[in-house]
Amino acid sequence: MAHQWRGVIREYADRLPVTEATKVITLGEGGTPLVHAQKLSELTGSEVYLKVEGMNPTGSFKDRGMTMAMTAAVEAGAKAVVCASTGNTSASAAAYATAAGLKCAVLVPEGKISMGKLSQAIAHGATLLQVDGNFDNCLDIARKLGEAYPVFLVNSVNPARIQGQKTGAFEVVDSLGDAPDIHVLPVGNAGNISAYWKGYKEYSGPFETANGTLPAVSTKTPIMWGFQAAGAAPFVAGHPITEPDTIATAIRIGNPASWDTAVAARDESGGLIEAVSDDEILAAHRWLSAKEGVFVEPGSAAGVAGLIKKHAAGEVPAGKTIVITVTGHGLKDPQWALRTEDGSDVQPVKVPNDVVTVAAELGLEEN
Ligand code: F0G
């Protein structure tokens, strides 16, 4: 039977804080592909899968949480929402606010968000303010606006966001038939690692709902491996960083909001949060597009960079199942694909409108 995916709230309603009466704001998020990564599997001797979150309606995993946050905003009678963002949250908030009929204001660090994400927020009619500061400064202001002004905060400090994002873990288990052995993902504000861990835990044991107890779906929980950009790695430092810096602007964050829950995810799962350099991130970005056929934005490649780095150190076990969340689409920030490994720009070859010259340029001989 054909089944049209109905968005994460309706698909997982029995495990989310909603009721039959809830007016759901959705753009059909979730249900993203779990792609077998052929070359990473060959490299590691484990079965490696990519959870391709760029396939969400606004091109990142943020839509899973935003459907819940915007549904909660409408339920609360809000007229306007606000968020701070390195780009993807603002794109998602702007789109979902439009679907909900709400006003949306977004605060982004000036000059540090990609053109694709900036255009999304503008296209969806959000009021976008570029703050003379970094993401952490933007989040401080957004929180204060939410407390003292009539606007509803849709950053992941809002628990509705984490509720929605935990469905990523449900989908992985539903696809594989059980939890993987290791789950790898980039870490910035640390909401996503917290959300996946919550989802994996809830799926691995009985789950109490208003309508009774749901049985466990998985037999185990994975080890969580998080990776931060080396210039923005507060979990590795063990304290907030005041001047975070990385080319991976999505995860250019020095003072993560979900600190305690991310540390709990790491420690309860027996996992780790480590750092990868910008060069390692760009190499993984290139690996994904050139070897696996999956185009992501640089920040999204941090998990893959981490796996490759751990493999080189002999620390990736063989014969396991490993899932890596690749968090956002490559078209969000395409400029990085147009740079060669030595840092120069790729120049497409120009040819005249003539088949013989084109064939010669392609190295083809007439048959
Ligand atoms: N990958 C991408 C593409 C992101 O946009 C983000 C966060 C992360 C990874 C990190 O996830 O914050 O849950 O640890 N982007 C936020 C934003 C901060 O504003 O779009 P996290």
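The values are calculated or read from the model by the stated rules, or taken from the named source; none is laboratory data. Computed from a predicted structure; not experimentally measured. Note that we place each Cβ from the backbone using ideal geometry, even for glycine, and neighbour counts take in every protein chain shown. With ligands, DNA and RNA removed, areas are computed over all heavy atoms of the protein, side chains included. Shrake-Rupley method; radii C 1.70, N 1.55, O 1.52, S 1.80 Å.
A few notes on this one:
- Any hit, the range 307-315, residues being buried (at least 24 other Cβ atoms within 10 Å of the Cβ), touching a strand residue (DSSP E or B) at 6+ places or on another chain (Cβ under 6 Å) and assigned to a loop (DSSP other than H, G, I, E, B): no
- In the range 109-133, the residues that are open to solvent by less than 20 Å² (accessible area, probe 1.4 Å) and either outside any helix (DSSP H, G or I) or without any contact (Cβ under 8 Å) to a residue 24 or more places away in the chain (or both): PRO109, SER114, ALA126
- Scanning the range 217-245 for residues that are open to solvent by less than 60 Å² (accessible area, probe 1.4 Å), in a loop (DSSP other than H, G, I, E, B) and touching a helix residue (DSSP H, G or I) at 6+ places or on another chain (Cβ under 7 Å) returns SER218, THR221, PRO222, ILE241, PRO244.
- Filtering GLN4, GLN38 for residues that are in contact with a helix residue (DSSP H, G or I) (Cβ under 8 Å, 6 or more places away or on another chain), of a type outside the set (Val, Ile, Thr) and open to solvent by 20 Å² or more (accessible area, probe 1.4 Å) leaves a single hit, GLN38.
- Which numbered condition SER41 misses (of (1) within 16 Å of the ligand (Cβ to nearest atom); (2) in a helix (DSSP H, G or I); (3) more than 14 Å from the chain's Cα centre (by Cα); (4) of a type in the set (Gly, Ala, Ser)): (1)
- Residues being within 9 Å of the ligand (Cβ to nearest atom), of a type outside the set (Gly, Ala, Ser) and farther than 23 Å from TRP5 by Cα - total across the range 57-93: 2
- Hits in the range 262-276 (condition: farther than 15 Å from PRO186 by Cα and either surrounded by fewer than 19 Cβ atoms within 10 Å (Cβ to Cβ) or touching a Pro at 6+ places or on another chain (Cβ under 6 Å) (or both)): ALA264, ASP267, GLU268, GLY270
- Among the residues of the range 143-156, those identified as outside any helix (DSSP H, G or I) and open to solvent by 70 Å² or more (accessible area, probe 1.4 Å) are TYR149, PRO150.
- Filter result for THR213 (open to solvent by 40 Å² or more (accessible area, probe 1.4 Å) and either modelled with pLDDT of 95 or more or in a loop (DSSP other than H, G, I, E, B) (or both)): yes
- Selection count where residues are crowded, with 24+ Cβ neighbours inside 10 Å and part of a loop (DSSP other than H, G, I, E, B), scope the range 44-86: 6
- Failed item, numbered, when ASP279 is tested on (1) open to solvent by 20 Å² or more (accessible area, probe 1.4 Å); (2) without any contact (Cβ under 8 Å) to a residue 24 or more places away in the chain; (3) not in a helix (DSSP H, G or I): (3)
- Against the list (1) away from the ligand (no atom under 16 Å from the Cβ); (2) modelled with pLDDT of 95 or more, the condition THR325 fails is (1).
- Lone qualifier among ASP136, ASP140 - being under 21 Å from the mean Cα position of the chain (by Cα) and open to solvent by 10 Å² or more (accessible area, probe 1.4 Å): ASP136
- Qualifying residues in the range 188-210 (those that are closer than 22 Å to ARG161 by Cα and open to solvent by 50 Å² or more (accessible area, probe 1.4 Å)) - the one farthest from the ligand (Cβ to nearest atom): ALA210
- The range 344-362 residues that are open to solvent by 100 Å² or more (accessible area, probe 1.4 Å), paired with ones that are aliphatic (A, V, I, L, M) and outside any loop (DSSP other than H, G, I, E, B) (beta carbon under 7 Å, 6 or more apart): ASP345/LEU338
- The residue list VAL154, VAL172, VAL184, VAL106 contains one member that is aliphatic (A, V, I, L, M), in contact (Cβ under 8 Å) with a residue 40 or more places away in the chain and within 11 Å of the ligand (Cβ to nearest atom), which is VAL154.
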